[in-house]
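**Student:** Below is one structure. I have some questions about it.
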Amino acid sequence: MRYISTRHGSQGTPAPLGFEDIMLAGLARDGGLYLPAEWPQFSKAEIAAMQGLGYTELAFRVMRPFVGDSFDEATFRRLIGEAYASFETPEVAPLKPLGDSGLHLLELFHGPTLAFKDVALQLLGRMLDQTLTARGQHATIVGATSGDTGSAAIEAVRDRKTIDIFMLFPKGRVSEVQRRQMTTVLAANVHNIAVQGTFDDCQDLAKACFNDLAFRDRHALTAVNSINFARVMAQIVYYFWAALKLGAPERPVAFSVPSGNFGNVYAGYAAKQMGLPISHFVVGANSNDILARFFESGTMKTSEVVPTLSPSMDIQISSNFERLLFDLYDRNGVALAEAMTSFRSTGTLEVGGNVLAGVRELFDAGRLDDAGTLAAMADCLKRYGETIDPHTAVGYALAQQHRRDTAIPMVVLATAHPAKFPDAVEKATGQRPRLPARLADLLERTERSDGLRNDVEALKSMIDERREMAAAPASRSKVRP
Ligand SMILES: *Cc1c(COP(=O)(O)O)cnc(C)c1O
């Protein structure tokens with residue numbers, strides 16, 4: 001499998017890259033996002049042969065073409081098996097019907113940090129460790145988080161000798177559960193940093209580290225945010241999993257996806273390109289509705305981020321959307337690079353009427369404000385006896401509004417456990433959800449984090465010092481006569 005950047009050709013002709021390269025790099029050097037030069041194809045007969053497989057075997061078959069010979073078969077199976085053994089249920093992603101409505105909840109939150117990001121990150125952490133160990137290398141992850149990504153990334157790489165992770169979060173601005181899911185991980189390679197600033201400040205600090213190329217190369221900086229194609233790959237699996245349970249390849253299925261960076265729903269789009277019969281997608285937004293406005297008007301225009309009850313969808317620009325735009329620009333990397341540069345400076349990007357009509361055949365989009373979100377949580381509990389979190393509630397409400405054909409089952413992706421957002425759930429339903437048993441003592445556990453002022457030089461010094469300390473014993477023993 002060969003990978004290209006969405007901006008390929010915009011800065012000379014890059015060498016073709018394999019899976020390990022793009023996994024370690026995250027973002028392409030030309031500023032684009034990686035994706036496969038061609039989608040692997042599964043015939044109807046091949047999809048039919050997947051029926052009844054367990055989650056891990058299905059994952060192996062769906063992802064195998066993407067990794068090529070980066071891992072031998074036995075190793076790849078072992079990494080998948082270990083990643084999903086960390087989930088609370090052997091089913092990994094249980095599919096639950098909502099009465100006989102034809103709606104189904106796909107529960108993606110049974111991993112260690114209770115959000116769907118575990119599905120991809122538990123595997124990515126292991127793949128990174130495997131590759132770095134084989135190469136005798138070390139990598140440093142620097143990331144910024146407003147909530148779910150930080151804990152999922154930390155949980156994915158804790159205790160690995162090949163990786164250090166520095167996670168920046170805005171001090172006092174993440175929920176207590178989210179903060180504690182990060183700061184109670186006391187592993188030596190985990191560095192939690194409470195920044196005196198906002199989430200945007202944290203993101204700017206992380207970006208500044210990557211933009212200092214000498215610093216970036218010295219520490220082999222790696223990004224595990226949702227632009228890493230390996231995450232998209234792992235998310236494709238559960239679209240196959242749900243569709244197979246609902247009659248694929250004979251019957252089509254629709255999906256409703258609460259969206260932020262467009263990574264999750266893009267994985268569904270990939271599954272469709274690979275041959276899975278998906279009738280359409282509902283892209284759900286909260287009041288930060290840049291995507292919904294795009295699908296309505298063909299114009300993408302940035303605006304201020306407003307805080308909502310579904311904080312993991314509070315975004316200004318959906319970074320993964322560039323992968324879909326790549327197809328809308330007929331896979332012309334040069335034209336897309338120009339469009340993205342102009343979008344960065346003007347805050348606006350437009351596609352033509354024909355292109356818009358094409359994408360609207362496959363995507364419906366909508367928005368739900370906080371009042372609607374609370375109402376949807378109450379409605380789902382009353383009607384179907386299911387407590388859902390505020391992100392899932394967006395997908396649930398919009399699924400009902402965008403049911404194109406009631407004969408086609410519609411799967412709502414349940415992206416977080418309700419106990420991750422207890423205040424919103426209690427407000428909507430009057431019942432406070434309880435953390436699952438394995439996290440029940442989270443509020444009593446010891447926390448560790450470092451404070452940092454909003455200053456990139458201070459951050460770089462901290463990373464330099466920590467890495468020197470960790471490397472010191474080994475280098476001393478090497479120079480000893
Ligand atoms: C990250 C996240 C989302 C948004 O997913 P994208 O891939 O960024 O579109 C939705 N819900 C929850 C709970 C999340 O953590």
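**Student:** Give me the pairs: first residue in segment 3-29 and over 18 Å from Arg126 (Cβ atoms), second residue of a type in the set (Asp, Glu), beta-carbon distance under 7 Å, and six or more apart or on different chains, which are they?
**Tutor:** Pairs that qualify, where the first residue is over 18 Å from Arg126 (Cβ atoms) and the partner is of a type in the set (Asp, Glu), are Ser5/Asp30; Thr6/Glu322; Arg7/Asp30; Ser10/Asp30; Gln11/Asp30.
**Student:** Just checking, how many residues over segment 163-182 are under 20 Å from Asp118 (Cβ atoms) and acidic (Asp, Glu)?
**Tutor:** Residues meeting the conditions: 1.
**Student:** Hey, another quick one. Which of (1) surrounded by fewer than 18 Cβ atoms within 10 Å (Cβ to Cβ); (2) modelled with pLDDT of 95 or more does Ser175 not meet, given it meets every other one?
**Tutor:** (2)
**Student:** Given the criterion closer than 30 Å to Phe262 by Cα and away from the ligand (no atom under 16 Å from the Cβ), identify the matching residue among Ala414, Ala378, Ala419.
**Tutor:** Numbers: Ala414 fails: away from the ligand (no atom under 16 Å from the Cβ); Ala419 fails: away from the ligand (no atom under 16 Å from the Cβ).
Sole residue among the options that is closer than 30 Å to Phe262 by Cα and away from the ligand (no atom under 16 Å from the Cβ): Ala378.
**Student:** So, one more: Is it the case that segment 382-400 has a residue that's at pLDDT 95 or above, closer than 30 Å to Glu38 by Cα and aromatic (Phe, Trp, Tyr)?
**Tutor:** No, there is no match, as no residue in segment 382-400 is at pLDDT 95 or above, closer than 30 Å to Glu38 by Cα and aromatic (Phe, Trp, Tyr).
**Student:** Just a yes or no: is a residue in segment 187-194 away from the ligand (no atom under 15 Å from the Cβ) and farther than 15 Å from Ser449 by Cβ? Give the steps one after another, and end with the answer.
**Tutor:** Going through segment 187-194, the residues away from the ligand (no atom under 15 Å from the Cβ) turn out to be 187-194.
Subsequent filtering for residues that are farther than 15 Å from Ser449 by Cβ retains none.
Looking through segment 187-194, none of the residues is away from the ligand (no atom under 15 Å from the Cβ) and farther than 15 Å from Ser449 by Cβ.
**Student:** Count, please, the residues in segment 89-124 that happen to be surrounded by fewer than 16 Cβ atoms within 10 Å (Cβ to Cβ), acidic (Asp, Glu) and either over 17 Å from Ala254 (Cα atoms) or in contact with a Cys (Cβ under 7 Å, 6 or more places away or on another chain) (or both).
**Tutor:** Residues meeting the conditions: 1.
**Student:** May I pose another question? Scan segment 234-242 and give yes if some residue there is farther than 24 Å from Arg29 by Cβ and either in a loop (DSSP other than H, G, I, E, B) or free of Cβ contacts under 8 Å to residues at least 60 places away in the same chain (or both), otherwise no. Break it down into steps so the answer makes sense when it comes.
**Tutor:** Keep residues of segment 234-242 that are farther than 24 Å from Arg29 by Cβ, which gives 235-242.
Checking the rest, the ones that are also either in a loop (DSSP other than H, G, I, E, B) or free of Cβ contacts under 8 Å to residues at least 60 places away in the same chain (or both) come to 239.
So far as segment 234-242 goes, yes, one or more of its residues are farther than 24 Å from Arg29 by Cβ and either in a loop (DSSP other than H, G, I, E, B) or free of Cβ contacts under 8 Å to residues at least 60 places away in the same chain (or both).
**Student:** Applying the selection to segment 249-274, what residues are out of contact with any Leu (no Cβ under 7 Å at 6 or more places or on another chain) and more than 12 Å from the ligand (Cβ to nearest atom)?
**Tutor:** Pro249, Glu250, Arg251, Pro252, Ala254, Ala270, Ala271, Lys272, Gln273, Met274
**Student:** If you don't mind, there's one more thing I want to ask. Looking at Met300, is it modelled with pLDDT of 90 or more and either in contact with a His (Cβ under 9 Å, 6 or more places away or on another chain) or within 16 Å of the ligand (Cβ to nearest atom) (or both)?
**Tutor:** Values: modelled with pLDDT of 90 or more: yes; either in contact with a His (Cβ under 9 Å, 6 or more places away or on another chain) or within 16 Å of the ligand (Cβ to nearest atom) (or both): yes.
Yes.
**Student:** Let me confirm something: among Val142, Val92, Val119, which residue is under 20 Å from Asp389 (Cβ atoms) and more than 16 Å from the ligand (Cβ to nearest atom)? Before you say what the answer is, go through the steps one by one.
**Tutor:** Details: Val142 fails: under 20 Å from Asp389 (Cβ atoms); Val119 fails: more than 16 Å from the ligand (Cβ to nearest atom).
Among Val142, Val92, Val119, only Val92 is under 20 Å from Asp389 (Cβ atoms) and more than 16 Å from the ligand (Cβ to nearest atom).
**Student:** Output the number of residues of segment 215-258 satisfying the condition of being within 22 Å of the chain's Cα centre (by Cα) and charged (D, E, K, R).
**Tutor:** 1
**Student:** Exactly one condition in (1) away from the ligand (no atom under 16 Å from the Cβ); (2) modelled with pLDDT under 95 is false for Arg404; which is it?
**Tutor:** (2)
**Student:** Could you list, in sequence order, the residues of segment 275-292 that are farther than 27 Å from Pro65 by Cβ, more than 12 Å from the ligand (Cβ to nearest atom) and of a type in the set (S, T, N, Q)?
**Tutor:** Answer for segment 275-292, where residues must be farther than 27 Å from Pro65 by Cβ, more than 12 Å from the ligand (Cβ to nearest atom) and of a type in the set (S, T, N, Q): just Ser287.
**Student:** Please count how many residues of segment 382-422 are polar (S, T, N, Q), surrounded by fewer than 24 Cβ atoms within 10 Å (Cβ to Cβ) and within 23 Å of Ile278 (Cβ to Cβ). Steps first, answer last, please.
**Tutor:** Residues of segment 382-422 polar (S, T, N, Q): 387, 392, 400-401, 406, 415.
Subsequent filtering for residues that are surrounded by fewer than 24 Cβ atoms within 10 Å (Cβ to Cβ) retains 387, 400-401, 406.
Filter once more, keeping what is within 23 Å of Ile278 (Cβ to Cβ): 400-401, 406.
Number satisfying all stated conditions: 3.
**Student:** Looking only at segment 1-58, how many residues end up being assigned to a strand (DSSP E or B) and among the aliphatic types (A, V, I, L, M)? Don't jump to the end; show me each part of the working.
**Tutor:** Just the residues of segment 1-58 that are assigned to a strand (DSSP E or B), to begin with: 3-5, 9-10, 12, 17, 27, 33-36.
Imposing the further condition that a residue be among the aliphatic types (A, V, I, L, M) reduces the set to 4, 17, 27, 33, 35.
Residues that pass the stated criteria total 5.
**Student:** Is one or more of the residues making up segment 43-64 modelled with pLDDT of 95 or more, closer than 25 Å to Asp330 by Cβ and not hydrophobic (A, V, I, L, M, F, W, C)? Working first, answer last.
**Tutor:** First, pick out the residues of segment 43-64 that are modelled with pLDDT of 95 or more: 43-64.
Of the ones still in play, those that are also closer than 25 Å to Asp330 by Cβ are none.
Checked segment 43-64: no residue is modelled with pLDDT of 95 or more, closer than 25 Å to Asp330 by Cβ and not hydrophobic (A, V, I, L, M, F, W, C).
**Student:** Can you name the residue in segment 321-371 that is in contact with a strand residue (DSSP E or B) (Cβ under 7 Å, 6 or more places away or on another chain) and among the basic types (Lys, Arg) and is also nearest to Ala270 (Cα to Cα) among such residues?
**Tutor:** Here the residue is Arg323.
**Student:** Shifting gears a bit: Would you please name the residue that is farthest from the ligand (Cβ to nearest atom), looking only at residues in segment 303-317 that are closer than 15 Å to Arg367 by Cβ and buried (at least 16 other Cβ atoms within 10 Å of the Cβ)?
**Tutor:** For segment 303-317, the residue satisfying everything is Val305.
**Student:** For segment 222-231, state whether one or more residues are surrounded by fewer than 16 Cβ atoms within 10 Å (Cβ to Cβ) and either in contact (Cβ under 8 Å) with a residue 12 or more places away in the chain or of a type in the set (Gly, Ala, Ser) (or both). Walk me through it before giving the result.
**Tutor:** Taking segment 222-231 first, the residues surrounded by fewer than 16 Cβ atoms within 10 Å (Cβ to Cβ) are none.
No, because not a single residue in segment 222-231 is surrounded by fewer than 16 Cβ atoms within 10 Å (Cβ to Cβ) and either in contact (Cβ under 8 Å) with a residue 12 or more places away in the chain or of a type in the set (Gly, Ala, Ser) (or both).
**Student:** While we're looking at this one, here's another question. Going residue by residue through segment 405-422, is there one that turns out to be of a type in the set (Phe, Trp, Tyr) and in a helix (DSSP H, G or I)? Quick ask: steps written out before the conclusion?
**Tutor:** Within segment 405-422, the subset of a type in the set (Phe, Trp, Tyr) is 421.
Then keep just the ones that are in a helix (DSSP H, G or I); that gives none.
For segment 405-422, residues of a type in the set (Phe, Trp, Tyr) and in a helix (DSSP H, G or I): absent.
**Student:** Just one of Ala440, Ala397, Ala458 is in contact with a strand residue (DSSP E or B) (Cβ under 9 Å, 6 or more places away or on another chain) and without any contact (Cβ under 8 Å) to a residue 12 or more places away in the chain; which is it? Full working, then the answer.
**Tutor:** Working: Ala440 fails: in contact with a strand residue (DSSP E or B) (Cβ under 9 Å, 6 or more places away or on another chain); Ala397 fails: without any contact (Cβ under 8 Å) to a residue 12 or more places away in the chain.
Answer to the selection: Ala458.
**Student:** So, one more: Of the residues Leu221, Leu246, Leu205, only one is away from the ligand (no atom under 15 Å from the Cβ), out of contact with any helix residue (DSSP H, G or I) (no Cβ under 9 Å at 6 or more places or on another chain) and among the hydrophobic types (A, V, I, L, M, F, W, C); which? It would help to see each step written out before you state the result.
**Tutor:** On the way: Leu221 fails: out of contact with any helix residue (DSSP H, G or I) (no Cβ under 9 Å at 6 or more places or on another chain); Leu205 fails: out of contact with any helix residue (DSSP H, G or I) (no Cβ under 9 Å at 6 or more places or on another chain).
On inspection, the qualifying residue turns out to be Leu246.
The values are calculated or read from the model by the stated rules, or taken from the named source; none is laboratory data. Owing to the predicted nature of the structure, the values given are computational and were not obtained by experimental measurement. FYI the Cβ positions are ideal-geometry reconstructions off the backbone, even for glycines, and counts take in every protein chain you see.
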